[in-house]
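J.: Questions regarding the structure given below will be posed in turn.
The values are calculated or read from the model by the stated rules, or taken from the named source; none is laboratory data. All values derive from a computational prediction rather than experimental measurement. Positions of Cβ are generated from backbone atoms using ideal geometry, with glycine treated the same way; all protein chains shown enter the neighbour counts.
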Amino acid sequence: MVVKTFRGRTAAEALAEAREALGADALVLETRRSGTAVEVVAAAQRPGARPHLPPPGERETLGRDAVALRDMLTARGFSLVLSERIAAAAQANLSAEQLADRRTARAYARDLLALILSQAPEAPVGSLVALVGPPGEGKTTTAAKIAARALYRAGRPVVLASADTRRLGGAEQMQAFARALGAPFRLVRDAGGIDEARRAAGPSGLVVVDTPGVARGDAEGIAALARLLESARRSEVELILAADRDAETLSDTVRRFEALRPGCLAVTRADETASPGQVVTAIARCGLPVRHVARGPEIPDDLEAGDPALIAAWALADAAEATP
């Protein structure tokens, strides 16, 4: 195998260079940060090999090395179904020697996961982003991080807003973040409040709306949010998935918030889980692209773009390795 290292501003850029040099079937062995750049270590697979992910209903008898790969994936929190599909794909597309090498087999799984996942671009100019999800999953802090990134890194005018009018003092934390950032704050109760927030942001600005957490069984809470968001033109709904929850809970969250038509996901608490495969399983099930990954309390430093290669690397990293 020919092994080379490629650098880019993003993992996607480095991966594109790797595929151009080594072919579309280049196998990513490692993705890592190097200063402000991302390095991808890739290798050329045997000629003619093409990745193939068997559908869930297509069962294949797994050999010993494929079983070892499957067991590694389930130990990281991936569902048995997804783990078996990835292991079967590795068995079908790698040579016996490659599959027997744990590092190469893990790298193949990482590369395949990066292809399964997708990334949502940043919100366009003049848009409104509403963060939605269950209570206590990090919506407010993530909203503040998104606003701070747009303000400090992109130089965009930002308005922080809160639709959390159901709880006493529900909007106070978002208001405090706005003061700390030196950004305008608006309380959003209806379409008029949304229009006012948009005017404050201007045509090139961004409105980031924190919404009240909606608990399981609160159908009226979902309905109220749906009515509010339907009145918001050029709005984007970003659903929060906390990485320290199990895959079934996260998949249930996706189903409960479907009525709000989320277009992308934000993963929170990436630094607080020992089973990252749980949230990645839920992401793979729903098929929504990831826009942000939050991995700590710092604003805005602990928020990163939802790069599939970095998410896959995090999900399959050893416990001692860094999170994305």
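J.: So, in the range 270-287, how many residues would count as being in contact with an Asp or Glu (Cβ under 6 Å, 6 or more places away or on another chain) and surrounded by 23 or more Cβ atoms within 10 Å (Cβ to Cβ)?
T.: Residues flagged as in contact with an Asp or Glu (Cβ under 6 Å, 6 or more places away or on another chain) and surrounded by 23 or more Cβ atoms within 10 Å (Cβ to Cβ) within the range 270-287 amount to 1.
J.: Return yes or no: is residue 237 more than 25 Å from residue 79 (Cα to Cα) and modelled with pLDDT of 90 or more?
T.: yes
J.: Here are 240, 222: which of them is surrounded by 22 or more Cβ atoms within 10 Å (Cβ to Cβ) and either under 30 Å from residue 277 (Cα atoms) or in contact with a Leu (Cβ under 7 Å, 6 or more places away or on another chain) (or both)?
T.: Being surrounded by 22 or more Cβ atoms within 10 Å (Cβ to Cβ) and either under 30 Å from residue 277 (Cα atoms) or in contact with a Leu (Cβ under 7 Å, 6 or more places away or on another chain) (or both) holds for just one of 240, 222, which is 240.
J.: For the structure I just gave you, tell me whether residue 76 is without any contact (Cβ under 8 Å) to a residue 60 or more places away in the chain and either out of contact with any helix residue (DSSP H, G or I) (no Cβ under 9 Å at 6 or more places or on another chain) or not assigned by the TED database to the domain that holds residue 220 (or both).
T.: no
J.: Follow-up question, since we're still on this one. Only residues that are buried (at least 17 other Cβ atoms within 10 Å of the Cβ) and over 17 Å from residue 140 (Cβ atoms): list them for the range 197-206, please.
T.: 198, 200, 201, 205
J.: Looking at 209, 214, 267, 188, which one is in contact with a Leu (Cβ under 6 Å, 6 or more places away or on another chain) and surrounded by 20 or more Cβ atoms within 10 Å (Cβ to Cβ)?
T.: It is 267.
J.: Moving on to the next point. Looking at residue 260 and the list (1) under 10 Å from the mean Cα position of the chain (by Cα); (2) more than 27 Å from residue 37 (Cα to Cα), which single condition is not satisfied?
T.: Among (1) under 10 Å from the mean Cα position of the chain (by Cα); (2) more than 27 Å from residue 37 (Cα to Cα), residue 260 violates only (1).
J.: Moving to a separate point now. Among 144, 161, 176, which is surrounded by 21 or more Cβ atoms within 10 Å (Cβ to Cβ) and either free of Cβ contacts under 8 Å to residues at least 40 places away in the same chain or more than 21 Å from residue 242 (Cα to Cα) (or both)?
T.: 161
J.: Residues that are within 26 Å of residue 229 (Cβ to Cβ) and in contact (Cβ under 8 Å) with a residue 12 or more places away in the chain: does the range 311-321 have at least one?
T.: no
J.: Further question on the same structure: What strands (runs of 3 or more DSSP E) lie completely within the range 185-253 and have 1 or more residues being touching a residue at least 24 places away in the same chain (Cβ under 8 Å), closer than 20 Å to residue 175 by Cα and out of contact with any Pro (no Cβ under 8 Å at 6 or more places or on another chain)?
T.: 185-187, 206-210
J.: Next question, about the same structure. Could you name every one of the helices (runs of 4 or more DSSP H) located completely within the range 60-177 that has at least 3 residues being hydroxyl-bearing (Ser, Thr, Tyr)?
T.: Of the helices (runs of 4 or more DSSP H) lying wholly inside the range 60-177, those with at least 3 residues that are hydroxyl-bearing (Ser, Thr, Tyr) span 139-148.
J.: Let me ask something additional. If you scan the range 254-283, which residues turn out to be in a helix (DSSP H, G or I) and polar (S, T, N, Q)?
T.: Those that are in a helix (DSSP H, G or I) and polar (S, T, N, Q): 278, 281.
J.: Select, from 315, 319, 294, the only residue that is within 20 Å of residue 139 (Cα to Cα), hydrophobic (A, V, I, L, M, F, W, C) and either modelled with pLDDT under 95 or crowded, with 21+ Cβ neighbours inside 10 Å (or both).
T.: Only one candidate passes the filter, namely 294.
Per-residue answers, yes or no, for (1) in contact with a helix residue (DSSP H, G or I) (Cβ under 6 Å, 6 or more places away or on another chain); (2) within 22 Å of residue 227 (Cα to Cα); (3) among the basic types (Lys, Arg):
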position: 115; (1), (2), (3): no, no, no
position: 123; (1), (2), (3): no, yes, no
position: 135; (1), (2), (3): no, yes, no
position: 152; (1), (2), (3): no, no, no
position: 161; (1), (2), (3): yes, yes, no
position: 184; (1), (2), (3): yes, no, no
position: 187; (1), (2), (3): no, yes, no
position: 191; (1), (2), (3): no, yes, no
position: 194; (1), (2), (3): no, yes, no
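J.: Among the residues of the range 96-117, what is the count of those that are surrounded by fewer than 17 Cβ atoms within 10 Å (Cβ to Cβ) and at pLDDT 90 or above?
T.: Going through the range 96-117 one residue at a time, the tally reaches 6.
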